[in-house]
Amino acid sequence: PAGRLEFVNGGWCMSDEAATHYSAVIDQMTIGLRFLNETFGACGRPRVAWHIDPFGHAREHASMFAQMGFDGFFFGRLDYQDRARRMRDKEQELLWRASDSLTPPMADLFTGILPNGYNPPEGFCWDQLCSDPPIRDDPDLEDYNVDDVVGRFLVIANSQSTVYKTNHIIMTMGSDFQYENANLWYKNLDKLIHYVNAQQANGSKVNVLYSTPSCYLQELHRANLTWPLKTDDFFPYADDAHDFWTGYFTSRPALKRYERISNSNLQTCNQLEVLGGLTSRKGPFGEGDKKAMAVAQHHDAVSGTEKQHVANDYARKLANGWQHCQVLVSNSLAALSGLSAERIYCDNLNVSVCHLTESSKKFSVNVYNPLARPVTWPVRLPVNGTAYSVSDASGKAVDCQVSMCASSFAVNELVFQVQAPPLGYTTYTVALIQDGPPPAPAQQRAPTVIQNKFLQVTFDHETGLISSLNNLETKQSIKLTQNFYWYNASDGNNVASRQPSGAYIFRPNSSTPVIISQTAKTEIIKTSVVQEVRQWFAPWVSQVVRLYADSRALELEWTVGPVPIDDSVGKEVITRLDTSIKTAEYFYTDSNGREVLQRKKDFRPTWNLKQSEPIAGNYYPINSRAYIKDDVDQLTVVTDRSQGGGSIQNGSLEIMLHRRLLHDDFRGVGEPLNEISGIFPDGLVVRGRLLLTLDPPQTAADTHRPLAEGMVLQPLLTFTDGDLKPNTQLEFSGLLAALPPAVHLLTLSQWDEDSVLLRLEHQYQSSESKVSSQPVTVNLQPLLKTFEDPSTWEVTLRPMEIRTFLLKVNLR
């Protein structure tokens, strides 16, 4: 009640801004802000977003903070050239217009850049880990230093005042690992305030007081000035000419993927807790599982900038959370289906391991779809039989194929397409056919073409590489070559700078990457379900190029590692797509999975860039998609995790996949980014997927938006051995009708005993699509099948708008 505490930011953590997906950021902010509200009430609500440490700043974060109702946003880090220009022009405080689609001021946020990062001014650190002398104010002592301290402080205050617009300036007092001895800090601060303010009697204009970010913000508001406007973002971040913090966009790629899978699993868990009703909640599922995902958003978690044992701990927390979630998922699916048999979870399908499917003669696959629209999804299961029958929930036979497994763990792979209803599940039954023919062997010859009704992909007969991509619907055709390369990571032994590549910093010692192989050894497999070309570039680099029968996207499943370091050279591995598209140095990346920003090589919209790192200085975060385009063609790449990338040459798009480094980059990790484990003693092996689409620019969003949404929220497969008992409900949808294509069900989770948290969003930008960028009206009352809402009302969503509702429900 006395108002002596002010909370800033209020999330469960201070999230990273490059490698986080907006849905997970909203979730972690919800947990933190809810805790503050329930503990301290409305007066504990933070008014200021406070991101003093993240390494570059995403526009979507500012947009989210503005929509959450924050009054301002303060941060510490920005590019050294940007800061110099802003100090000169007194533009370190600005209005950030953080959306091209939301009507101002919905995504407008006052933004301030702190003068000393998150540190005190030099010479004014008073904690047990600090070495600055305390204020000694007994004039009889030889080390009396009040005059010296006050003089130095006045110089700093006056200097700082020359680079900010008002007569109010903010000074951060504290840093990492500080206020371990708060008494030391406050004792010295009390003295500082007293002796500096005493100088006003001698004509000093400096008045020092204890304050808070929101008090400071209020004084800036009262100044009634005009502030500069910013509409781009603060990536990439460099703190010196050769020190670009663009390596962490890709660092720890396995952890980045695991975080994204964990997000999908958590959304499924949240939804099934609601849809399954009270019976789904019998078990150990609790807040701890949501908190594991929340803390993984930290700027030294999903960013990949932690020590190895800390990364292991984040992964352990996520794994424990999923174990708890599995109990809830099983309970909920049992309640909805009437089937209480044990459910098996095959968490290692990415490496073709599932004991049940490899050993059982008959089993069922439950496919839960967390999206509010129906999806078609390829299922690939490791098997040891040679022929199987698959039937859907109605008993109808489904086309399936068995082929030789591309990985070394299982003998064969069963592939079939599933169709799952919105916010619901369907069930497929798989039975072994004893006398089936063996799978057709892969053809070991240079492939020429794979195609379905939408796409055609041609390969060069000599090299085995992709040579062109054609959209058969729109009659588009581009030249396309894709290959793998690595940049030689700087070890810091360099004339220009001693800076090596590390967990944070990307610094290649050459602008020309090393090609791993000019050619690929290939095998081709064509079936009615999928056509694939398997490519081997080196013992540690391989890829499967896949085209499913009814897919509008080409899948590239890459496997990289262990990255060899026997030559004592750290390597940053990329894939590069070289095309005939005329890009004129522009390319496009998403911001935290939502709005897309235009990028230009060697260019920053708000200052004249002096480029000193031609590769690292042109890398940007890619959270869910990036594309290159001209007037006719747009090639979009949808990623399965956060990665770094750029367009270094016209018509080219490169994405960094993996990093293995031999030196620390002196930014606090204290160890090289050299991931090994008991499973991978020779270095980490990483597998991932890229989806490629070719469309006219005017309609491309109608393809890549749903693809990216489906990559983030993937169907969850659970398995049951043997025959299903009669009367099992084999199919269920939690919606009475699918949501319109432009509308995404962002959140459906239990809030308390009788209320549910629902978030709907318009997932298109205002100018992306003639059809989908229009406002959409949704009637909430008949939306969800399993409970009644006492109210009836319609909600209209405009492009990029997120609406949050707390529904009081009567369970049916």
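A few notes on this one:
- Test result for H658, in a helix (DSSP H, G or I) and surrounded by 22 or more Cβ atoms within 10 Å (Cβ to Cβ): no
- Note on region 351-437: no enclosed strands (runs of 3 or more DSSP E) hold 2 or more residues that are of a type in the set (D, E, K, R).
- Summed over region 648-670, the residues that are of a type in the set (V, I, T) and farther than 12 Å from G304 by Cβ give a count of 2.
- Residue count for region 121-163, restricted to those that are under 18 Å from G174 (Cα atoms) and of a type in the set (G, A, S): 3.
- Positions within region 49-76 being among the charged types (D, E, K, R) and farther than 20 Å from S23 by Cα, in sequence order: D53, D71
- Flag for S501 being surrounded by 21 or more Cβ atoms within 10 Å (Cβ to Cβ), touching a residue at least 24 places away in the same chain (Cβ under 8 Å), hydroxyl-bearing (S, T, Y) and assigned to a loop (DSSP other than H, G, I, E, B): yes
- Region 367-399, residues that are under 22 Å from L272 (Cβ atoms) and hydrophobic (A, V, I, L, M, F, W, C): V367, L371, A372, V375, W377, V379, A393
- Scanning region 775-812 for residues that are modelled with pLDDT of 95 or more and assigned to a loop (DSSP other than H, G, I, E, B) yields P775, R798, P799, M800, E801.
- Note on region 19-131: enclosed helices (runs of 4 or more DSSP H) holding 1 or more residues that are without any contact (Cβ under 8 Å) to a residue 40 or more places away in the chain are 22-40, 80-89.
- Matching entry among T579, T522 (being closer than 14 Å to N483 by Cα, of a type in the set (S, T, Y) and either surrounded by fewer than 22 Cβ atoms within 10 Å (Cβ to Cβ) or assigned by TED's automatic domain parsing to the domain that holds P378 (or both)): T522
- Just one of the numbered conditions (1) modelled with pLDDT under 95; (2) within 35 Å of the chain's Cα centre (by Cα) is not true of V365: (1).
- Qualifying residue in region 265-280 (condition: in a loop (DSSP other than H, G, I, E, B), within 24 Å of L746 (Cα to Cα) and of a type in the set (G, A, S)): yes
- Subset of region 169-186 [over 37 Å from the mean Cα position of the chain (by Cα) and under 20 Å from Y216 (Cβ atoms)]: W185, Y186
- Of residues in region 307-323 being free of Cβ contacts under 8 Å to residues at least 60 places away in the same chain and among the charged types (D, E, K, R), the one farthest from D289 (Cα to Cα): D313
- Some residue of region 662-685 being closer than 24 Å to I261 by Cβ, under 23 Å from the mean Cα position of the chain (by Cα), surrounded by fewer than 23 Cβ atoms within 10 Å (Cβ to Cβ) and not polar (S, T, N, Q): yes
- Flag if N483 is more than 30 Å from H299 (Cβ to Cβ) and at pLDDT 95 or above: yes
- Scope region 712-733; condition buried (at least 22 other Cβ atoms within 10 Å of the Cβ) and either free of Cβ contacts under 8 Å to residues at least 12 places away in the same chain or closer than 22 Å to I622 by Cβ (or both); matching residues: V712, L713
- Scanning region 94-111 for residues that are among the small types (G, A, S) and surrounded by fewer than 21 Cβ atoms within 10 Å (Cβ to Cβ) yields a count of 1.
- Filter result for the condition that a residue is within 18 Å of G644 (Cα to Cα) and either surrounded by fewer than 19 Cβ atoms within 10 Å (Cβ to Cβ) or without any contact (Cβ under 8 Å) to a residue 24 or more places away in the chain (or both), over T527, T512: T512
- Among (1) buried (at least 16 other Cβ atoms within 10 Å of the Cβ); (2) at pLDDT below 95; (3) not aliphatic (A, V, I, L, M), the one test that S467 misses: (2)
- Residues that are free of Cβ contacts under 8 Å to residues at least 40 places away in the same chain and within 20 Å of A157 (Cβ to Cβ), drawn from region 172-197: Y186, D190, I193, H194, N197
- Only residues that are more than 18 Å from V379 (Cβ to Cβ), basic (K, R) and assigned by TED's automatic domain parsing to the domain that holds R659 were counted across region 687-728, and they come to 1.
- Region 261-293: number of residues that are buried (at least 24 other Cβ atoms within 10 Å of the Cβ) and out of contact with any Leu (no Cβ under 8 Å at 6 or more places or on another chain): 1
- Residue check, S772 surrounded by 16 or more Cβ atoms within 10 Å (Cβ to Cβ), outside any strand (DSSP E or B) and touching a helix residue (DSSP H, G or I) at 6+ places or on another chain (Cβ under 8 Å): yes
- Selection count where residues are touching a Phe, Trp or Tyr at 6+ places or on another chain (Cβ under 9 Å) and not hydroxyl-bearing (S, T, Y), scope region 571-602: 16
- Filter result for the condition that a residue is more than 29 Å from the chain's Cα centre (by Cα), basic (K, R) and in the same structural domain as L690 (by TED's automatic domain parsing), over R546, R498: R498
The values are calculated or read from the model by the stated rules, or taken from the named source; none is laboratory data. As the structure is a computational prediction, the values presented were derived from the model and not from experiment. Cβ atoms come from the backbone with ideal geometry, glycine included; neighbour counts cover every protein chain shown.
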